[in-house]
Each structure stands twice: as structure tokens, then as C-alpha cells.
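> Pasting a structure below so you can have a look.
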Amino acid sequence: MEMERNERVESGEKLFVIGMVVSFVTEVAYTTASVLEGVWGGFFLGLIGALIVLRLANWLYTGNNVALKWMLGWTALQLTLALAAWALLSATSGRDSVAHALGYGISWVPLGKLAAYAILGAILMSPSVRAFLFLRGGGELTDIKEKLPPTLTGKTLPLSPAETQTVAGLANLLKWASWSLIAVGVLRLCLGGKLYSNEPDWIKAAPALVEGFVTLLVGVLLLGPSGAFDFLKTKSTDTTYLMSALEQLGSFYQKQGVLLALVAMVVFGALVIRLLG
Amino acid sequence: MAAPTEPPFEFTTEQDQSLAAIALAMKLLAVVLLGLAAVRIAFGVIEIFTSSWAGLWYIVEGLATGFMGLVLLAGATDTQFIVDTTGYDKPHLLNAFTSLAVFYKVQIGLALFIGVIVLLRILF
């Protein structure tokens, strides 16, 4: 058990370092590209960004909880900036937009920053990184809770053969829905890439790219509840398994709601731009 | 003498609280799906009038999304009934499962439809 905990903390440290390196290198690359393009706004923003990442990384390495909140806030700010710049660049084609002045007009910058900070956000939320930071903050290794197998209540949902079939059918549908969403997400991303390479116009490519990314993510997230419903099909309908499956589905619906609201905003934005254009 | 009847399956109060939260999440997602459906249909109509018949794809997608929203709303209502009623937890749960099965059948069908359309657009 202790060896497992050590491995988890070690992988947390590796992930932490990867996250910091990815965000720092992205800021340095953004600064350099801005200098090469002569965009001084981008140069200053990138330089300040690189210094902030360095400072926060050093502070966070002590396991400070406040530093973690600052780093999460910084990540959210960068994601918002990249999305806003992307939307602004889609709406204005000239070189006079604020996004251009801040260096976001450089081809890879909006997507590069989005990808880098999405990776950093995911890493900061990861349980192994949290365990590593907890340890650095003076926590004891034994305090890190391991996932224990669920305790069964012994109270099962009694099902007739036809009702068992309904539950098994739903478990299968969840699995198929998950894989079909993953496949369609990949295809939509390919379509977005093709549209952009044919005609570098974000207004035309953005809906396909965003819908592709969200569809892919929803498909991957659905694998969790799908596995939990598979337990009901293959193991038992004990209320522990039943509630776990339902709670996972509920949590998945919350995430899906946020992601689809994002898609609705992008499609609505594209609609407004088309009407105004 | 008649055999004693088994008490109906009933969730505990704690489980009912979780089920109420799940019903709320389902309702919120249903509202988002209905909103997305409206935006997709509007986008499709504008696309047809300003550009090409490719907008028809968005209209079909929007209609299917709206239908999924309505089905999920029915599932959310059944889940909420589990919390609000006593003695009928199992039938309401199975009704919610049936609504979810319809929801995912439509989702798979829609995914296949979009998959074929997107594949054709990539290839040609």
C-alpha cells in the first residue's frame, strides 16, 4: 500500500513538472514569436506571463494552498484570454484588433495557449498532483486516502428478467454512445482542420473545431458512467453500485451541460457574426 | 393464510437527496439542449438563406437535439418522482432508465448521421 502511495506521489511530481514546463515554454515561445513579428504588446505580455509562471511554480512547489488557488486563477485567466482573442480574431479580419496588438494574431498562439493551459489545468486538478502538493505542504504520507473498494449495503434493487434487460440495454447504449461520440468528435475536428486549411477563416472553422473538441470530450467523460452501469449489468444491483452509477451520471450531466453551453455560445457567436457580416 | 407481501423497494433519505441533485442536473442539461437546438436551427435557416442547403444539416441536428432535451426532461421528472413519492421508487427509476435509453438511442443515431455527413464533407 505504501509503495502505491509513493508511486502516486512520484507520478504527481512528474506531472507537476511537466505542467510547469509546458506553460513556461509556451510563454517563452509566445514572447520570442512576438519579438520576431515586432508585436511589442505580445512581448511584454509574454515576458510578464513567463515571470508569473516561474514565480507561481516556485511558490507552488512548497505545497502552499494559496499558491494553488493563484495558479488555478492564472490558468483560468489565460484560457479566457485565449478564447476571447480567438473570438475577436474571428470577428475582425484587419490588423487593428486588440488581439493582434497582444500577439494573438500569430497563427499558433490562441490554440497553443488554449492547449497548454488546458493541460496545466487538468494536471493541477489531478489527484496524484494534489497528493504530491499535500506532501510538500507538510502533510503525512499516511493521510493520503486511497480509494477503497465500495462497501455493499446488501440491499439490492429486485429486478424481473425483463427489467434486468432494460438495465443491461442502458449499460450497452451508454458504451455505444460514448464510442460513437468519440468517433464523431475526431471526425469533426478533422473537418474543422480541413475547413481552416482550405480557407484560413476562423468564423467558418470555429464551430466545427469547438463542436469536435466538445463532442470528443463528452464521449471520453461518458466512459466513466458507462463503466459504472456495466457494474450493474455484470455484478449486482446493490444500492451502492446503483447510487454510484446514478451519481456518476449526474456529475457527467453537469459537465456536459457546461460544455454544451459553450458550444451554444460559439454557434450563437458565429450566427451573429454571419448576420452582421 | 396469505404469504406476507414484501415491502416495496425504497431509497433512503440520504439517497433521495443525491437523486434530487441528479434530477436537477438532468433538468439543467435538458434546458441547455433545448437552447442549443434553437441556436442550431436558427444557424441552419440563416445558412440556407445566405449560403447553401448545407444548413439543412444544422436544422436536422437541431431538431434531434431538441427532441433529446425533451426526453431528458421526462427522465428528470421521473427521477424527481422517486424523491417526491413513497412506494413507487422502482417503477419511477425504471421509467427514468427507459427515458435515458431513448435519449441514448437518439444520440447514437444522431452521431451516426453527423458522422456520415462529416465524412462526406471531408472526402468531397
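The values are calculated or read from the model by the stated rules, or taken from the named source; none is laboratory data. Since the model is a prediction, treat every value here as computed from it, not as a measurement. Every residue, glycine among them, receives a Cβ derived from its backbone with ideal geometry; neighbour counts consider all protein chains shown. For accessibility, only protein heavy atoms count, side chains too; no ligands or nucleic acids. Shrake-Rupley method; radii C 1.70, N 1.55, O 1.52, S 1.80 Å.
> FRET efficiency for residue A:276 and residue A:197, Cβ-Cβ distance as r, R0 = 30 Å, nearest 0.05?
The computed FRET efficiency comes out at 0.70.
> Students often get this wrong, so check it: of A:175/A:235; A:69/B:27; A:204/B:27; A:155/B:27, which have C-alpha atoms separated by over 22 Å? Before the final figure, lay out each step's value.
Working: A:175/A:235 17 Å; A:69/B:27 31 Å; A:204/B:27 32 Å; A:155/B:27 28 Å.
Those over the limit are A:69/B:27; A:204/B:27; A:155/B:27.
> Shape verdict for the protein assembly as shown, please, from the Cα gyration tensor: rounded (a/c under 1.5), prolate (a/b greater than b/c) or oblate. Show your work: numbers first, answer last.
On the way: a/c = 2.61, a/b = 1.29, b/c = 2.02.
Taking the square roots of the gyration eigenvalues as a ≥ b ≥ c, the protein assembly as shown is oblate.
> For residue A:162 and residue B:122, what does the FRET efficiency come to when R0 = 56 Å and r is the distance between their Cβ atoms, rounded to the nearest 0.05?
Numbers: r = 42 Å, r/R0 = 0.76.
Rounded to the nearest 0.05, the efficiency is 0.85.
> Starting from 0.36 nm per residue, how many nanometres of slack lie between residue A:65 and residue A:223 once their C-alpha separation is accounted for? The partial results should precede the final answer.
Values: separation 158, 0.36 × 158 = 56.88 nm, distance 3.12 nm.
Once the chain is fully extended between residue A:65 and residue A:223, it gains 53.8 nm.
> Here's a follow-up. For a Förster distance of 60 Å, can you work out the FRET efficiency between the beta-carbons of residue A:115 and residue B:85, rounded to the nearest 0.05?
0.80
> Let me ask another. Any idea of the accessible area per residue across the protein assembly as shown, 1.4 Å probe, to the nearest Å²?
Values: 20260 Å² over 401 residues.
On a per-residue basis, the protein assembly as shown sits at 51 Å².
> So which residue, out of A:216, A:189, A:77, gets the largest mean-square fluctuation from a GNM of chain A using Cα contacts under 10 Å as springs?
In this elastic network of chain A, the residue with the biggest mean-square fluctuation among A:216, A:189, A:77 is A:77.
> For the stretch A:161-276, with only Lys/Arg (+1) and Asp/Glu (-1) charged at the beta-carbon, what is the dipole magnitude about the Cα centre, in debye rounded to 20? It would help to have the intermediate numbers written out before the result.
On the way: 8 positive and 7 negative charges, 44 e Å.
Here the stretch A:161-276 has a charge dipole of around 220 debye.
> Turning to a different aspect of this structure: Compute the long axis of helix A:65-91 from its Cα atoms, compare it with the longest principal axis of the Cα atoms of chain A, and write down the angle in degrees, 0 to 90, nearest 10.
It is inclined by approximately 60 degrees.
> Now a separate question. What does the structure give for B:89-102 when I average, per residue, the other chain Cβ atoms found within 10 Å of the residue Cβ? Present the calculation step by step, with values, prior to reporting the outcome.
On the way: counts 1, 4, 1, 0, 5, 7, 0, 2, 9, 3, 0, 6, 7, 1.
That average works out to 3.
> In the stretch A:26-127, what percent of the accessible surface is made up of carbon and sulfur (1.4 Å probe, ligands and nucleic acids excluded)? Don't skip to the answer; put the middle values down first.
Working: 3740 of 5040 Å².
Answer for the stretch A:26-127 is 74 percent, counting heavy atoms of protein chains only.
> Using Cα centres only, tell me the gap between the stretch B:67-107 and the stretch A:11-25 in whole Å.
43 Å
> With each run of n ≥ 4 DSSP H residues scored as -39500 (n - 2.57), what mean residue ellipticity at 222 nm is computed for the protein assembly as shown after dividing by its residue count and rounding to the nearest 500 deg cm²/dmol?
Numbers: 12 runs with 327 residues, N = 401.
About -29000 deg cm²/dmol.
> Using only C-alpha atoms and all pairs of different ones, pull out the Kirkwood radius for chain B in Å with one decimal.
Numbers: mean 1/r = 0.0598 Å⁻¹.
Kirkwood hydrodynamic radius for chain B: 16.7 Å.
> Using a Gaussian network model of chain A whose springs link C-alpha atoms within less than 10 Å, name the residue from A:208, A:245, A:116 with the highest mean-square fluctuation.
Maximum fluctuation in the GNM of chain A, among the listed residues, is at A:245.
> Summarise the partner chain shielding of A:20-30 as one whole number: the mean count of Cβ atoms from other chains within 10 Å of each residue's Cβ.
On the way: counts 0, 0, 0, 0, 0, 0, 0, 0, 0, 0, 0.
That average works out to 0.
> Moving on. Using unit Cβ charges (K, R positive; D, E negative) and no other charged atoms, how large, in debye to the nearest 20, is the dipole of the protein assembly as shown about its Cα centre? Could you put the intermediate results ahead of the total?
Working: 25 positive and 27 negative charges, 166 e Å.
The dipole magnitude comes to about 800 debye.
> Still on this model: On C-alpha positions alone, give me the angle between the axis of helix A:109-125 and the longest principal axis of chain A, in degrees, nearest 10.
Helix A:109-125 sits roughly 30 degrees off the main axis of chain A.
> Taking 7 Å along the Cα-to-C-beta vector as the label spot, tell me the residue B:63-residue A:254 distance in nanometres, rounded to one decimal.
For the pair residue B:63/residue A:254, the computed spacing is 3.6 nm.
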